[in-house]
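A.B. asks: The structure that follows is given in the form of structure tokens.
The values are calculated or read from the model by the stated rules, or taken from the named source; none is laboratory data. Predicted model only: the values in this text are computed from it and were never measured. Heads up, the Cβs are rebuilt from the backbone with ideal geometry, glycines too, and the neighbour counts pull from every protein chain shown.
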Amino acid sequence: MVRAEDAGIPSKASSTNVRVRISDSNDNSPAFNDADYTFHITENQPISTSVGIVQASDIDNGTHAKLVYSIMSGENSNHFSIHPVEGTLYTAVVLDRETVKEYRIKVKASDSAAFPNDLSNITNVYITVLDQNDNNPSFSLPFYNASVPENSPSGTSVTMVTADDRDTDANAELTYSISHSSSVEYLSIDSATGEVTVKNAFDYEATKVINVTITAQDNGIIRLSGSVSLVIYIEDVNDNNPVIERG
Ligand SMILES: [Ca+2]
Ligand SMILES: [Ca+2]
Ligand SMILES: [Ca+2]
Ligand SMILES: [Ca+2]
């Protein structure tokens, strides 16, 4: 209220209400609540799965504080989308850890002041894709073959097989095993290294070639496996004395 009073005696005065309006100028940028954001999400989730939420605030008023979130374009930034008002990040593709296991995307919060007075800020969002056991072990060759002299003692090395698994940790920890089609177990395999050795000596006169199946199994909660064929050729050794005919 403003009051005016004259100097007369008696004095006369009058007053009126004056409304002073302090209009907000857009002098504050949006500020993210955290310096940066780290989220984890398991691969293979359907598109539009929620990843996490980023939030900023702006201490101005009205449209000067009304925030809009967006993802800045960058490498693989189109794998995610963001709700422009709520700041929730969603998957825009089915994530595959074996293709991209870590993302760094930039999210921008802009206030809604009219251009060119609008202000914005940017934060980093780190997204780690967690593994699912979605790959079978696979051997490096379509089949293996090796040869071994007959009578080689138990423990003789025959060959080495290796399989690979594109998953990680337990989902890629492999155990090798061997299955024989015949009742005689000629071979052993080191379950950790894949080295195949003689278990029971071969006799060329009994067996010239054998075919076994080698399996690699991962250690996932639901274990996946892959198999390959190993063909062993038994080499003849001159172990039969000639019969000398006496005249
Ligand atoms: Ca502002
Ligand atoms: Ca995958
Ligand atoms: Ca995987
Ligand atoms: Ca696996």
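A.B. asks: Select from the range 160-178 the residues that are assigned to a strand (DSSP E or B) and surrounded by 18 or more Cβ atoms within 10 Å (Cβ to Cβ) and write down the one among them that is farthest from ligand 2 (Cβ to nearest atom). Give the derivation first.
C.D. replies: Restricting attention to the range 160-178, the residues satisfying the condition of being assigned to a strand (DSSP E or B) are 160, 163-164, 175-178.
Still in the running and surrounded by 18 or more Cβ atoms within 10 Å (Cβ to Cβ): 163, 176, 178.
Working: 163: 17, 176: 23, 178: 29 Å.
Applying the filter and picking the extreme gives 178.
A.B. asks: On to the next question. Checking residue 108 against (1) of a type in the set (D, E, K, R); (2) outside any loop (DSSP other than H, G, I, E, B); (3) surrounded by fewer than 16 Cβ atoms within 10 Å (Cβ to Cβ), which test does it fail?
C.D. replies: (3)
A.B. asks: Still on this model: Tell me whether the range 106-117 contains one or more residues that are within 16 Å of ligand 2 (Cβ to nearest atom) and not acidic (Asp, Glu).
C.D. replies: Taking the range 106-117 as the starting set, the residues that turn out to be within 16 Å of ligand 2 (Cβ to nearest atom) are none.
The answer is no, given that none of the residues of the range 106-117 is within 16 Å of ligand 2 (Cβ to nearest atom) and not acidic (Asp, Glu).
A.B. asks: Among the residues of the range 123-144, write down those that are under 18 Å from residue 213 (Cβ atoms) and at pLDDT 95 or above. Working first, answer last.
C.D. replies: Within the range 123-144, the subset under 18 Å from residue 213 (Cβ atoms) is 136-144.
Selection gives 136, 137, 138, 139, 141, 142, 143, 144.
A.B. asks: Then there is this: Let me spell it out: the conditions are (1) touching a strand residue (DSSP E or B) at 6+ places or on another chain (Cβ under 9 Å); (2) at pLDDT 95 or above, and residue 44 meets all of them except one. Which number is the exception?
C.D. replies: (1)
A.B. asks: Scanning for something small (Gly, Ala, Ser) and either part of a loop (DSSP other than H, G, I, E, B) or closer than 24 Å to residue 131 by Cβ (or both), does the range 55-62 turn up at least one residue? Steps first, please.
C.D. replies: Initially, the range 55-62 is screened for residues small (Gly, Ala, Ser), giving 56-57, 62.
Among the residues that remain, those that are also either part of a loop (DSSP other than H, G, I, E, B) or closer than 24 Å to residue 131 by Cβ (or both) are: none.
Checking the range 55-62: not a single residue is small (Gly, Ala, Ser) and either part of a loop (DSSP other than H, G, I, E, B) or closer than 24 Å to residue 131 by Cβ (or both).
A.B. asks: Which of the residues belonging to the range 24-83 are crowded, with 18+ Cβ neighbours inside 10 Å and among the aromatic types (Phe, Trp, Tyr)?
C.D. replies: 32, 37, 69, 80
A.B. asks: Just need a number here: residues in the range 121-159 that are away from ligand 2 (no atom under 16 Å from the Cβ) and either farther than 30 Å from residue 33 by Cα or of a type in the set (A, V, I, L, M) (or both). Explain how you work it out, then say what you get.
C.D. replies: Of all residues in the range 121-159, those away from ligand 2 (no atom under 16 Å from the Cβ) come to 121-126, 139-159.
Within this subset, residues satisfying the condition of being either farther than 30 Å from residue 33 by Cα or of a type in the set (A, V, I, L, M) (or both) are 122, 125, 139-159.
So the count comes out to 23.
A.B. asks: Could you tell me which residue of the range 179-190 is farthest from ligand 1 (Cβ to nearest atom), considering only residues that are of a type in the set (S, T, N, Q) and part of a strand (DSSP E or B)? Lay out the reasoning, then the answer.
C.D. replies: Applying the first criterion (of a type in the set (S, T, N, Q)) to the range 179-190 yields 179, 181-183, 188.
Subsequent filtering for residues that are part of a strand (DSSP E or B) retains 179, 188.
On the way: 179: 70, 188: 73 Å.
The qualifying residue farthest from ligand 1 (Cβ to nearest atom) is 188.
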